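Below is one structure, written out as structure tokens; comments come after it.
The values are calculated or read from the model by the stated rules, or taken from the named source; none is laboratory data. Everything numeric here is computed off the predicted structure, so don't read it as measured data. A quick note on method: Cβ atoms are made from the backbone with ideal geometry, for glycine too, and the neighbour counts reach across all protein chains shown. These accessible areas exclude ligands, DNA and RNA; they are computed on the full protein's heavy atoms, side chains included. Shrake-Rupley method; radii C 1.70, N 1.55, O 1.52, S 1.80 Å.
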Amino acid sequence: MPNCNEKIFLENDWILAEILPWDGGRISRIYDKKHDCELIWSNPRTKNVSRYYGCNYDDLSASGIEEAFPTVQPCKAGGADVPFFGEIWTIPWEYKKHGEGYIFTCSSPIWTAEIRKKVFLFENSLSMTYEIRNTGKEMFEFLFGFHPSLCIYESSRLYAPGGIYEMYVAGQLEEGKTEQFTWPYYGERDMSDACAKENTGFFNFLTFPVADGCYGVEHPSKETGLKIEFDRRFFKCLSLWPIYGGWRGHTCVMTEAFTTWPVSLDKAIEEDRAYRLKPSECAETTVNYTVGMENREGALCRNM
């Protein structure tokens, strides 16, 4: 049985990172020690609620940083009913020390896949390298995604790649309808304004294919921020959910980077957008989380 009190810490003079191997290998904290600032949001109302295989992600996720595999939306694929957000976000991960970092490992219950997450801490950044290996004797198709939930404060700003976004959820938007906008202005609203006290409601918008593999938040009142960098050739879709109390009382920015869109594996297979792994093949990609503000006047990601 997994030890439900077990926490793995990586720490230096700048960052404290907390990982819960028993809880889907979830990264529950990235804390800026120099500026006394939590950068990763976790849901306080579900942190002590047990997650179980096949449960509803929206209802029982505790947020932090979680991974989706081999689907995001529940669907029928590979002769099975694949659950919401896939198979690995609810199961315990094994771990071992590896140099100055850790390797976390789990096996997908239905898919013949071993997923590894190599986590290392540098001066002001956390590096996570994912490996997805086909351990079976037949090819399989899959989606993969990572889901960081970000803290926001009274002066926070959201930075995202430029380009065209599709708005799926907004207060004035009719259910089932979408609208396109060019980042950052949705009508007269500047979506990069993520001030927690001044905004209300909640939104969801995404860009596919993503123009650049860098996004994040800056907190001028805290003199820090968090930059997230990924390989846009691997993660082709970026979805953002700024929430200002309008969905279940949460205040945060939930973010998602996925290998493709749509994020239901059956539809991705139908549209020939799912990734494929032959027996013994391995897909690998790295995501970096950098703490701090690059400069006071400029954006977190200067190429945006």
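Residues that are assigned to a strand (DSSP E or B), on the phi > 0 side of the Ramachandran plot and out of contact with any Lys or Arg (no Cβ under 9 Å at 6 or more places or on another chain): does region 200-211 have at least one? Looking for residues that are assigned to a strand (DSSP E or B), on the phi > 0 side of the Ramachandran plot and out of contact with any Lys or Arg (no Cβ under 9 Å at 6 or more places or on another chain), one finds at least one in region 200-211, hence yes. Under the condition of being more than 23 Å from Ile15 (Cα to Cα) and at pLDDT below 95, the residues counted in region 91-140 number 0.
Summed over region 179-194, the residues that are loosely packed, with under 15 Cβ neighbours inside 10 Å, more than 21 Å from the chain's Cα centre (by Cα) and either of a type outside the set (Lys, Arg) or not in a strand (DSSP E or B) (or both) give a count of 6.
All of Leu158, Leu173 fail the test of being of a type in the set (A, V, I, L, M) and either modelled with pLDDT of 95 or more or under 24 Å from Trp41 (Cα atoms) (or both), apart from Leu158.
What do you reckon, is Glu229 closer than 30 Å to Glu131 by Cβ and either without any contact (Cβ under 8 Å) to a residue 60 or more places away in the chain or more than 21 Å from the chain's Cα centre (by Cα) (or both)? Taking the combined requirement at face value, the residue does not satisfy it. The one condition from (1) assigned to a strand (DSSP E or B); (2) of a type in the set (A, V, I, L, M); (3) within 17 Å of the chain's Cα centre (by Cα) that Met167 does not meet is (3).
Among the residues of region 70-93, those that are out of contact with any Leu (no Cβ under 6 Å at 6 or more places or on another chain) and among the small types (Gly, Ala, Ser) comprise Gly78, Gly79, Ala80, Gly86. Of the residues that sit in region 74-120 and are among the hydroxyl-bearing types (Ser, Thr, Tyr) and in a strand (DSSP E or B), which one is farthest from Asn5 (Cα to Cα)? Among those residues, the one meeting the criterion is Ser107. Summed over region 1-52, residues that are over 19 Å from the mean Cα position of the chain (by Cα) and either among the polar types (S, T, N, Q) or in a loop (DSSP other than H, G, I, E, B) (or both) total 19.
Of the residues Gly145, Gly79, Gly136, the single one that is open to solvent by less than 20 Å² (accessible area, probe 1.4 Å), of a type outside the set (Val, Ile, Thr) and out of contact with any Pro (no Cβ under 7 Å at 6 or more places or on another chain) is Gly145.
Do you know which of the residues in region 233-259 that are of a type outside the set (A, V, I, L, M, F, W, C) and over 14 Å from the mean Cα position of the chain (by Cα) is farthest from Ala194 (Cα to Cα)? Result: Arg233. One residue stands out among those in region 148-178 that are in contact with a Gly (Cβ under 7 Å, 6 or more places away or on another chain) and buried (at least 16 other Cβ atoms within 10 Å of the Cβ): the one that is nearest to Glu18 (Cα to Cα), which is Ser149.
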